[in-house]
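Peer 1: Before I ask anything, let me first share the structure, which is written out below as structure tokens.
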Amino acid sequence: MTLKKYFKYAVNGFLLLAILSSCSEEKFPPKPNIIILQADDLGYSDLGIHGNPYVDTPNLDKLAKESVQFRQFYVTPVCATTRAALLTGKHHLKTGVSHVHGGKDFLHLSEKTLADRLKTAGYQTGMWGKWHSGKTNGYYPWQRGFDEAFMAGLYQFTDNKGLLNGKPVQHQGWTPEVLTDYAIDFISKNKEKPFFAYVPYLTCHGPLKAKSELKAKYLERVPEGLATLYAMVELMDSQIGRLLRHLDDLDLAENTIVIFLSDNGPAVNHRDLTEEDRQIRYVNNLRGHKGNIWENGIKSPFFFRWKGSLEPSIEDKLADVTDITPTLLEMAGGSLNSSFDGISLFPYLRGEGKSSTEKAIFLYAHKAWQPSDKAWSPEGVYNEYEPITLENRDTLLSLEKQVIGIRNQRYKLLLNASRRETEAPFYSGYALYDILNDPTESKNIFLERSDIAEGLIQKLKLKYQENFAYENAFAVPKFLIESNKGAQKVLAYAPKKIVGDPVNAFNYLGTWRKAGNAAAYKIDVA
């Protein structure tokens, strides 16, 4: 080779490397904007893209087709626990969140949220909608990493009255429209900076309420209760479409990651829906409801869109809500650490590790959530809101009393899950299902695949010990009292210990009948 030819090839080689490097940088631009859209009590079957012929969700269906769709994505059985896992990347029990009421829904003050971490990485952060991670001083969203936050009133679907960065505000109109207005204004203000926008809608939690004109359309298709619910879903869908079109108008779509998920499966909604409604609604025949660890209680839509960087696809890789924080942090250039229970999906999304099957998800449900075989009461059932203490811990948290499970890429093992009357008894409380081949959980294969079952039982016991023995598991909130801040709250229904007869309820402490009755609280006075 002549010297002239050598230089020619060398220069061309350097140019090729430069082009490839440039393409790589353009494919995954640094610090993409991030939007998380979350529904409330929306089931996997409540979208057109998932085979529902009754509901109109054109914007979410379009988003799904532009996204990586995970068909094996899990959340938790109820709302507060999923939000804790989403915001921290940890199993919810480790964050102190073990329930939705009774003071058990406060995200521990030692936890850093996704907003905290992205703010450190240079992001502007905003949240508007359902918070449900604490509602006293120190726990509000504007104190947990969000530069701007509207904590909506629950469950006010019109004329919502909530707190905007700590100040009371009253709105007019439908709440999904109000929340979307906030998000659009925030994006417009921060279009020149990397931003994180979290929009947890209140749709479609009960009590159900919808626009009359939308409801009238669905009354031609389904009974009244379901017509109301589907009208709520369509209104949320239209607002998500409005927000995504705003990204297009600002030419931000290709530099913005958009995620959509629910917080749990469909609620039974005894007051609003009939058994006929539920039979129509569950078009995929998934088993269970919100509150339990059957598929319909914890399987969620999960759409992950990054236009220009990720090719749309449908994936069967197992993933769960704890994976969201580490994934987004890696994509945003933030720091990952070993405290996360979730794993970053970024390597998988960019084409690496396609055959990995190592992930195992620990499933937990309070036995009163299943839904319970006992009628609802403010005091709950099965010691539902009783604080966990050294005296009652071994009794209330013993393994044999828990409703828990573990899911790997193919199989799902459950302990003490609610059993159908027509089923054979579970083996010592255990049931095993091949989810990839039996997504409706119709055949318990515990005995015929005892080798798989035994291995999963051992993993389940290790996960149980890891999560239940964690320092902050089942913690009660610490109330922060500071000078010069006016009236501040210590919630009676969130004690660390009860002495005597008082009964802890979902939002009050009652039945003080005898001398010597007492309740103790964690309080930090500055």
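Peer 1: Spot the failing condition for residue 309; the list is (1) of a type in the set (Ser, Thr, Tyr); (2) buried (at least 21 other Cβ atoms within 10 Å of the Cβ); (3) not in a helix (DSSP H, G or I), and only one is missed.
Peer 2: The failed condition is (2).
Peer 1: Could we say that residue 463 is outside any loop (DSSP other than H, G, I, E, B) and either out of contact with any Asp or Glu (no Cβ under 7 Å at 6 or more places or on another chain) or surrounded by fewer than 12 Cβ atoms within 10 Å (Cβ to Cβ) (or both) here?
Peer 2: It is true that residue 463 is outside any loop (DSSP other than H, G, I, E, B) and either out of contact with any Asp or Glu (no Cβ under 7 Å at 6 or more places or on another chain) or surrounded by fewer than 12 Cβ atoms within 10 Å (Cβ to Cβ) (or both).
Peer 1: With a cut-off of at least 1 residues that are within 14 Å of residue 461 (Cβ to Cβ) and in contact with a Gly (Cβ under 6 Å, 6 or more places away or on another chain), name the strands (runs of 3 or more DSSP E) lying wholly within the stretch 400-443.
Peer 2: Values: elements: 403-407, 411-415, 430-434.
Of the strands (runs of 3 or more DSSP E) lying wholly inside the stretch 400-443, those with at least 1 residues that are within 14 Å of residue 461 (Cβ to Cβ) and in contact with a Gly (Cβ under 6 Å, 6 or more places away or on another chain) span 411-415.
Peer 1: Please go through the stretch 39-73 and give me each residue that is of a type in the set (Ser, Thr, Tyr), under 19 Å from the mean Cα position of the chain (by Cα) and under 22 Å from residue 279 (Cα atoms), ordered by number.
Peer 2: 44, 45, listed by residue number.
Peer 1: Give, as residue ranges, the helices (runs of 4 or more DSSP H) completely inside the stretch 192-299 that count at least 2 residues that are among the small types (Gly, Ala, Ser) and buried (at least 20 other Cβ atoms within 10 Å of the Cβ).
Peer 2: So the answer is 224-249.
Peer 1: Quick one: is residue 61 open to solvent by less than 10 Å² (accessible area, probe 1.4 Å), modelled with pLDDT of 50 or more and either within 30 Å of residue 240 (Cα to Cα) or hydroxyl-bearing (Ser, Thr, Tyr) (or both)?
Peer 2: no
Peer 1: Here is a follow-up. Find the residue count for the stretch 467-505, including only residues that are in a loop (DSSP other than H, G, I, E, B) and either crowded, with 18+ Cβ neighbours inside 10 Å or of a type in the set (Gly, Ala, Ser) (or both).
Peer 2: Taking the stretch 467-505 and keeping what is in a loop (DSSP other than H, G, I, E, B), we get 469-477, 482-496, 500-502, 505.
With the extra rule that they be either crowded, with 18+ Cβ neighbours inside 10 Å or of a type in the set (Gly, Ala, Ser) (or both), the set shrinks to 469, 473-477, 483, 486-487, 491-495, 500, 502, 505.
Residues meeting the conditions: 17.
Peer 1: Tell me, which residue of the stretch 361-373 that is over 17 Å from residue 396 (Cβ atoms) and out of contact with any strand residue (DSSP E or B) (no Cβ under 8 Å at 6 or more places or on another chain) is most open to solvent (accessible area, probe 1.4 Å)?
Peer 2: Selected residue: 373.
Peer 1: Here's a follow-up. Considering only the stretch 392-427, state which residues are among the polar types (S, T, N, Q), modelled with pLDDT of 95 or more and loosely packed, with under 15 Cβ neighbours inside 10 Å.
Peer 2: Listed by number, the list holds a single entry, 398.
Peer 1: Going through 255, 285, 269 one at a time, which residue ends up being in contact with a Pro (Cβ under 9 Å, 6 or more places away or on another chain), closer than 22 Å to residue 410 by Cα and not hydrophobic (A, V, I, L, M, F, W, C)?
Peer 2: After applying the criteria, what remains is 285.
The values are calculated or read from the model by the stated rules, or taken from the named source; none is laboratory data. The model shown is predicted, which means the values in this text are computed figures rather than measured ones. A quick note on method: Cβ atoms are made from the backbone with ideal geometry, for glycine too, and the neighbour counts reach across all protein chains shown. For the accessible areas, the whole protein counts, side chains as well, though only heavy atoms, and no ligand, DNA or RNA atoms are used. Shrake-Rupley method; radii C 1.70, N 1.55, O 1.52, S 1.80 Å.
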